[in-house]
């Protein structure tokens, strides 16, 4: 498998996002250093005010006032420049994190969605955006500013110890309010965010079935399912807002009362000749500076909580994903398939849908998987492509466990026709070429193989006709034949087709038989599930499934002959092959 490339995480650690942040720790330390200097410069207006009251007013010296003002303006310029540098640095850090993690998050989200259908891919992709925006916003700066409350407490100590003790007590009070706000609101906000995410997921899934929902009168039921999650989100959000409002009221009282109390303390100290009149004015502002960082935390707490939840979800997502980039690249498959003692449990379920499946195919052999509905044919197709991982046993292509093979590497070298056919936004040619670089010769060859070339030319823009949700509307047969053309693009050595003729007419099925024969002549190993006997004549071997168990496997004609003798197949050659009585058939023809 391929070596790592930009955008691929190769740490293999349990907290990939944390590892990326640790790699940027020197930049974070530099940003903290800039924050220290910026906070130190923020006392400039205090010193200016104190000097203006204590020196300029007493001496009535215009020169002193001008000199102080020029110096202060220079400090302001330096202060603004440092803030601009810190802002640019945080933007660069956020871009570095996005660059290192975006591709991994995108891949891992899709792999998780294949395994667990209730995953909200949009939220997982949005988590990276939330984290990046947090690093460029005021939330992260409020975290950096918080420790520097001690700086202003120390400045108060230079004026008088009482001022420092008062500022320290005020900071502790605000810290307690912040902690209580955290304990009360964080779990409620998490439940609200989860409920909102589920509501968005339900709405998105419903839109994909909008036509059937309206036609069958299901809109009310679908709306009720969405509204149940939406109402849970609103309830939790209101509860969080009320809790925050209660804590915010206490915080607001402290913000109003503490500066006045601080000024009262300063006036008393001035009356006792312990500090100057200018220090009284500075003392009234000092409390705001010492409590300010904690107030910023409260103001941006929701943003901080959201970023923390996004951080945890991204870590969980990437830690559970396979580090495919660390494996060595393997040669292209030749088509030898070995299925050994496979038992399969679908993701999110605890009941096996396939039990003790075992067979082998050599390159160039064609296998038909038959059986009644719910026999496990589609589940087997997913196993044979590595989309599901066997609970017991193994599915190996050329000796490599398919579920462990990097799909970015093996995917372009195999073919697949699913039961539910969808096309992505793009032209006909791009979809046949799997959204990769379009090779016109191979695209036309694939279309001609399924006898769709003339049909495609009749489309509004031929091979450039757009497909997808907003594109050209195809008939069921056209969709299936285009999906087959996509599967055989480049003539891969291993192809799996799940009911490839379910929507085909006689012309399409004839074209499919010719496609199967062409793949066989190419040395392609082909596995297809089917209920129709016409394809059976083009296959070498047959696998019979019933109730998730292997009933028979061997030469297709021998199995058909044995089944007919047991009278489980109609003598009509055009009748569907459902094998309802195959439970009595015990064959394993080599």
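The values are calculated or read from the model by the stated rules, or taken from the named source; none is laboratory data. Only a predicted model underlies this, so the values are computations on that prediction, with no experimental measurement involved. Note: ideal-geometry Cβ built from the backbone for every residue, glycine included; neighbour counts use all protein chains shown.
Worth a mention:
- For the range 466-473, the count of residues that are without any contact (Cβ under 8 Å) to a residue 24 or more places away in the chain, within 33 Å of the chain's Cα centre (by Cα), more than 19 Å from residue 535 (Cα to Cα) and surrounded by fewer than 15 Cβ atoms within 10 Å (Cβ to Cβ) is at least one.
- Some residue of the range 94-106 being in contact (Cβ under 8 Å) with a residue 40 or more places away in the chain, closer than 18 Å to residue 145 by Cβ and in the same structural domain as residue 133 (by TED's automatic domain parsing): no
- Some residue of the range 533-546 being more than 24 Å from residue 510 (Cα to Cα) and either at pLDDT 85 or above or assigned to a loop (DSSP other than H, G, I, E, B) (or both): yes
- Within the range 146-177, the set of residues being under 18 Å from residue 45 (Cα atoms) and either crowded, with 17+ Cβ neighbours inside 10 Å or touching a residue at least 60 places away in the same chain (Cβ under 8 Å) (or both) comprises 148, 149, 151, 152, 153, 155, 156, 159.
- Some residue of the range 437-450 being under 23 Å from the mean Cα position of the chain (by Cα) and either free of Cβ contacts under 8 Å to residues at least 24 places away in the same chain or buried (at least 18 other Cβ atoms within 10 Å of the Cβ) (or both): no
- Test: residue in the range 75-86 that is modelled with pLDDT of 85 or more and crowded, with 20+ Cβ neighbours inside 10 Å: yes
- For the range 11-39, filtered to residues that are modelled with pLDDT under 80 and loosely packed, with under 14 Cβ neighbours inside 10 Å, the residue that is nearest to residue 134 (Cα to Cα) is 14.
- Spans of strands (runs of 3 or more DSSP E) in the range 356-431 with at least 3 residues closer than 24 Å to residue 512 by Cβ and more than 30 Å from the chain's Cα centre (by Cα): 366-370
- Residue 293 being at pLDDT below 80, buried (at least 16 other Cβ atoms within 10 Å of the Cβ), within 44 Å of the chain's Cα centre (by Cα) and not in a helix (DSSP H, G or I): no
- Residue that is surrounded by the fewest Cβ atoms within 10 Å (Cβ to Cβ) [pool: residues in the range 490-523 that are touching a strand residue (DSSP E or B) at 6+ places or on another chain (Cβ under 6 Å) and either free of Cβ contacts under 8 Å to residues at least 40 places away in the same chain or part of a loop (DSSP other than H, G, I, E, B) (or both)]: 499
- Just one of the listed residues (260, 284) is modelled with pLDDT under 75, closer than 30 Å to residue 58 by Cα and in the same structural domain as residue 151 (by TED's automatic domain parsing), namely 284.
- Count of residues meeting criterion [surrounded by 23 or more Cβ atoms within 10 Å (Cβ to Cβ) and at pLDDT below 85] in the range 387-404: 2
- Evaluating residue 122 against the criteria (1) touching a residue at least 40 places away in the same chain (Cβ under 8 Å); (2) within 26 Å of residue 158 (Cβ to Cβ) leaves one unmet condition, (2).
- Qualifying residue in the range 71-91 (condition: closer than 20 Å to residue 308 by Cα and assigned to a helix (DSSP H, G or I)): yes
- Condition broken by residue 456, with the remaining ones in (1) at pLDDT 90 or above; (2) part of a strand (DSSP E or B) satisfied: (2)
- Residue check for residue 349: at pLDDT below 80, buried (at least 18 other Cβ atoms within 10 Å of the Cβ) and either assigned to a helix (DSSP H, G or I) or out of contact with any helix residue (DSSP H, G or I) (no Cβ under 7 Å at 6 or more places or on another chain) (or both): no
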